[in-house]
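Structure in structure tokens, see below.
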């Protein structure tokens with residue numbers, strides 16, 4: 001993600017559903033994401049798609065004692081229900097610049113049944129509650145892990 005992406009990201013988050021699940025985002029969030037060296041916010045697009053970005057996937061890198069974390073997954077609100085989330089997550093996790101290690105987790109709000117269903121359908125293990133959220137985990141072999 002680059003600072004130039006901020007305009008369309010803000011537009012996406014005017015969607016009430018996306019804003020309720022992952023927002024609100026503000027300039028502090030942008031500054032943090034752009035400066036953070038412990039992870040990356042990936043913009044997922046289709047090389048042949050002129051309609052712009054398909055998804056935004058946040059990744060926080062773990063270390064020897066902690067798994068990598070999918071911190072957010074936002075799909076273009078105009079393209080929901082097309083399987084983009086599944087493809088975007090697979091592409092983001094396969095990104096070759098992640099540091100080593102193939103275990104990933106994601107923490108899902110209890111009031112987000114769609115995200116629960118999403119990770120369950122992908123075969124991620126439901127590890128139960130962790131700090132008031134459901135922890136999902138998966139081993140995702142990648143180029144370095």
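Throughout, read-outs are computed from the coordinates displayed, never taken from laboratory work. Remember, it's a predicted structure, so these values are computed and weren't measured experimentally. Note that we place each Cβ from the backbone using ideal geometry, even for glycine, and neighbour counts take in every protein chain shown.
What nm distance separates the two modelled labels at residue 36 and residue 19, each placed 7 Å from Cα along Cα→Cβ?
So the two model labels end up 2.2 nm from each other.
Still on this structure: Please give the peptides 102-108, 13-19, 74-80 ranked by average Cβ packing (other Cβ atoms within 10 Å per residue), highest first, as a rough proxy for protection.
Details: 102-108: 19.6, 13-19: 14.3, 74-80: 17.7.
Final packing ranking: 102-108, 74-80, 13-19.
In deg cm²/dmol, rounded to 500, what helix-only [θ] at 222 nm does the chain give when every DSSP H run of at least 4 residues adds -39500 (n - 2.57) and the total is split over its residues? Before the final figure, lay out each step's value.
On the way: 5 runs with 42 residues, N = 145.
It comes out at -8000 deg cm²/dmol, rounded to the nearest 500.
Take the Cα coordinates of the chain, assign each an equal point scatterer, and use the Debye formula without solvent to give log10 I(q)/I(0) at q = 0.15 Å⁻¹.
-0.78
Assuming R0 = 41 Å, what is the FRET efficiency of residue 125 and residue 27, from their Cβ-Cβ distance, to the nearest 0.05?
Values: r = 36 Å, r/R0 = 0.88.
After rounding, the FRET efficiency stands at 0.70.
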